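Have a look at the structure below before the remarks.
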Ligand SMILES: C[S@@+](CC[C@H](N)C(=O)[O-])C[C@H]1O[C@@H](n2cnc3c(N)ncnc32)[C@H](O)[C@@H]1O
């Protein structure tokens with residue numbers, strides 16, 4: 001098709017921003033424009049571009065939407081403040097919230113071993129970037145970071161990020177939740193470690209090769225990337241496919257990788273320093 005006009009692009013963007021399905025998510029406009037532009041070459045006309053754009057958007061955002069009313073949760077947090085003085089209450093709260101999101105729910109039975117395995121491998125980081133975090137930050141009580149540690153969590157879902165910020169304000173006042181597309185705007189700060197849990201396979205669907213670009217751009221030497229070993233229904237093994245994804249991402253580099261499995265997660269420890 002011919003390059004769409006600015007007017008046509010604006011209409012596609014506005015239709016999403018005002019749609020019942022997406023309007024509450026306040027998605028970054030640069031994400032919507034990017035998904036339109038990458039779908040121009042494989043669309044014959046404007047109608048097909050609209051279909052391909054909506055399909056791509058669905059894959060990026062909609063598969064992991066849950067029924068959490070983040071506005072309500074923020075109000076409830078304000079009414080019932082969390083406290084570090086009561087670690088058991090904090091853990092109970094986090095478990096209840098994590099159970100509402102498919103991705104963190106399946107990590108619940110393995111939380112202790114999961115973070116023991118992570119920190120055994122990477123040491124205790126003083127600064128962490130959690131990329132495409134969803135509800136990962138609710139695992140913080142199991143991370144037991146040093147009181148001086150910094151933690152920044154990134155996601156594109158506006159209400160989810162506002163909720164995480166409300167959670168941080170109560171339980172981890174120095175931590176930050178940021179609404180940002182980590183592919184279009186990779187975090188520019190240095191950190192000891194980045195977590196990139198259970199999202200690389202979907203980022204690759206959005207743009208093949210995107211994980212390599214992201215890892216190269218990050219000013220972080222150590223990345224803990226996880227991928228599911230089985231599909232969410234537990235019917236199919238994804239192991240070979242995901243080993244291949246990581247091998248392909250590291251192809252031609254001298255980066256080092258090690259793999260451990262915890263529960264349904266394949267944990268890849270990637271070090272960008274040239275050790276081979
Ligand atoms: C599979 S879920 C959760 C992954 C989470 N790290 C975990 O292990 O539970 C994917 C999350 O990534 C977010 N996301 C997807 N693409 C993103 C991007 N380009 N930048 C930032 N967040 C993104 C989605 O909004 C969603 O919250």
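Being assigned to a helix (DSSP H, G or I), more than 23 Å from the chain's Cα centre (by Cα) and closer than 29 Å to residue 231 by Cα holds for only one residue in 51, 14, and it is 51.
Residues in region 55-71 that are touching a residue at least 12 places away in the same chain (Cβ under 8 Å) and farther than 19 Å from residue 182 by Cα: 66, 67, 68, 70, 71.
Only one of the listed residues (161, 118) is farther than 27 Å from residue 26 by Cα and at pLDDT 95 or above. That residue is 118. For region 57-79, how many residues meet the condition of being assigned to a helix (DSSP H, G or I) and either within 11 Å of the ligand (Cβ to nearest atom) or more than 21 Å from residue 168 (Cα to Cα) (or both)? Going through region 57-79 one residue at a time, the tally reaches 8. Counting the residues of region 261-276 that are over 15 Å from residue 222 (Cα atoms) and at pLDDT 95 or above gives 4.
Does residue 78 satisfy the condition of being surrounded by 14 or more Cβ atoms within 10 Å (Cβ to Cβ), more than 12 Å from residue 139 (Cβ to Cβ) and at pLDDT below 95? Taking the combined requirement at face value, the residue does not satisfy it. The residue list 49, 95, 31 contains one member that is within 25 Å of residue 232 (Cβ to Cβ) and outside the structural domain of residue 233 (by TED's automatic domain parsing), which is 31. Just one of the numbered conditions (1) surrounded by fewer than 18 Cβ atoms within 10 Å (Cβ to Cβ); (2) in a helix (DSSP H, G or I); (3) over 20 Å from the mean Cα position of the chain (by Cα) is not true of residue 30: (3). Which numbered condition trips up residue 233, out of (1) within 13 Å of the ligand (Cβ to nearest atom); (2) under 25 Å from residue 56 (Cα atoms)? Among (1) within 13 Å of the ligand (Cβ to nearest atom); (2) under 25 Å from residue 56 (Cα atoms), the lone unmet condition for residue 233 is (1).
The values are calculated or read from the model by the stated rules, or taken from the named source; none is laboratory data. Computed from a prediction, not measured in an experiment: that's the story for all the values here. With ideal geometry, Cβ positions are generated from the backbone for all residues, glycine too; neighbour counts draw on all protein chains shown.
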